[in-house]
Structures are given as C-alpha cells and as structure tokens.
1. Quick one: check the C-alpha center-to-center distance for the stretch 7-38 versus the stretch 48-107, whole angstrom.
2. Can you tell me how much longer the chain between Lys71 and Glu184 gets when fully stretched, taken as 0.36 nm per residue apart minus their C-alpha distance, in nm with one decimal?
3. May I ask you to evaluate 6.51 cos²θ - 1.76 cosθ + 1.60, the Karplus curve with θ = phi - 60°, for each residue of the stretch 167-184 and list the ³J(HN,Hα) values in order in whole Hz, giving x for glycine and proline?
4. Under the rule a/c < 1.5 gives rounded, and otherwise a/b versus b/c splits prolate from oblate, where does the stretch 21-76 land using the Cα gyration tensor?
5. Give me the one-decimal nm value for the distance between modelled label points at Lys213 and Asp106, 7 Å along each residue's Cα-to-Cβ direction.
6. Within the set of other residues whose C-beta is less than 11 Å from the C-beta of Ser159, count the net charge using Lys and Arg as +1 and Asp and Glu as -1.
7. Taking the Cβ of Pro37 as the centre, find all other residues whose Cβ is under 11 Å away and add up their charges (Lys, Arg: +1; Asp, Glu: -1).
8. Modelled label-to-label distance, Tyr24 and Glu58, 7 Å Cα→beta-carbon offset: nm?
Amino acid sequence: KLVWSEEFNGPEIDKNTWRHEIGYVRNNELQYYTDAPENSFIEDGCLVIKSIKTDDPECPYTSASLNTRTKKEFLYGKLEMRAKLQFGAGVWPAFWTLGTNISEVDWPECGEIDIMEHLNSEDIAYQTVHSQHSVKKYDPYILNGGSGPIDRDKFNVYSVEIEEDIIKFYINGKPTFSYKKVPELESQFPYASHPFYVILSAQLGGSWVGKVKPEDLPVRMDIDYVRFYQPKK
C-alpha cells in the first residue's frame, strides 16, 4: 500500500521534505550544486532539476541535488520514481539512497542503492548496489528509440523493493535483477539494517560519466513523483 508520496503538485519545493546540497560535493564532478530556482523548481506537476552552463569561468556549470536526510527516512518497502530524461554528454542524473548512519560509519559502510543512474551521452540506465564488501551489480537496459524497454522521450518508472534479505529492481514494472543477502558476509548487505534517505541529483562530468559538451546544455530531469509503498498487514 502507498504510505508516502511526493507528487510535486505545490507551487514550490517542500522544504519540510527536501534539502538542497550546496557546493562541489563528490566524485570530482564539475557542477556546483545550488538551491537557486534556475536549477530546481516545480513546473506542470513535476520537480525539474536543470543542469546549466554559466558565464562564470570560476563556476562554469551549476545543477541541483535534493535529499530527504534528517527529514524523511525509509525502511523495508518499495521506492519508485517516475521521470523523463534528456540527452546530454557528461550529464549524470540519478535516483538513489544512502543509509542514515553515514555520518557514523561513512561510505560505503552505510550502503548505497542506485535505483537509476543514467549516462545521458549513452542510452543506458544502471541500477546498482554498493557496500563495504565492494559488491557492485550492473544491469544495463538499452534505450534505443523506443524499441528497447525504455523510451528516453517518455516518462519511465524506476523502482526498488527492499526486504530484510533481498533487493529487487524494476524498470517500468519489469524485473531487472535481484541482489540477495549472504548471511556469512555481514558487510555485504547493510541495506536493511537501518533506514535510508533519498537523493535526486543531476551531476556533470566526474570520474565515471566523462566529458561535458557545453553545447548540449541546458539538460533537464523532470520528476513526476517519488512514492514509497509497504506490504499490507
């Protein structure tokens, strides 16, 4: 059953749920995260995260990263986002989670679940898990003009179900892969031992995604909703 949702129907981003990251944050990325309305805003019932090129040589790119840390926590259930992406070399939108104990144990001990990462210069979406055990699971889905499982020009739904001993991933309701707990490897499965918080971000460049082409900017990620479900009792 649906127990929480963010439908982005209000006139402004709800600060009781979302906080903005500010600055250069991680992965040697090129963007400076801001809370400016040019980089994140509500439009037509969607949260829009917009990556742009500026005229400032000291800060050539800006974007936004919003999270629910200390405001909204989740444990055991199904988390999903419906969103539409745009092409752009070096653009890296993501829908992901981190354990709420990150300030105590740091990353990757806290656990990370990437429900959707997209390299917008390619037609591939990734769903991934990270833990102290350095376990990674990639399951690419080709986005080739609608003939594949995802059409880039339309809204798609990215989901994960987190249980006590298994994580199940979906794209548009179709199972992609599952990741099971190995009982004898405690550090391998931190995802269900503590709550997590949600991050919605759009990075530029960095150690994985590659070079940015300024002529491709601006690039948007339109997020229709984020929802959380739990089993009926």
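The values are calculated or read from the model by the stated rules, or taken from the named source; none is laboratory data. Since the model is a prediction, treat every value here as computed from it, not as a measurement. Methodologically, a virtual Cβ is constructed for each residue, glycine included, from the backbone with ideal geometry; neighbour enumeration extends over all protein chains shown. Accessible surface areas use protein heavy atoms only, side chains included; no ligands, DNA or RNA. Shrake-Rupley method; radii C 1.70, N 1.55, O 1.52, S 1.80 Å.
1. Spelled out, the Cα-based centre of one part sits 8 Å from the other.
2. Full extension of this stretch gives 37.3 nm more.
3. Computed from phi, the couplings for the stretch 167-184 are 10, 10, 10, 9, 10, 6, x, 9, x, 9, 6, 10, 10, 9, 6, 9, x, 7 Hz.
4. oblate
5. A separation of 3.8 nm, rounded to one decimal place.
6. Charge balance in the 11 Å sphere: +3.
7. -3
8. Taking the simple label geometry, Tyr24 and Glu58 are separated by 1.3 nm.
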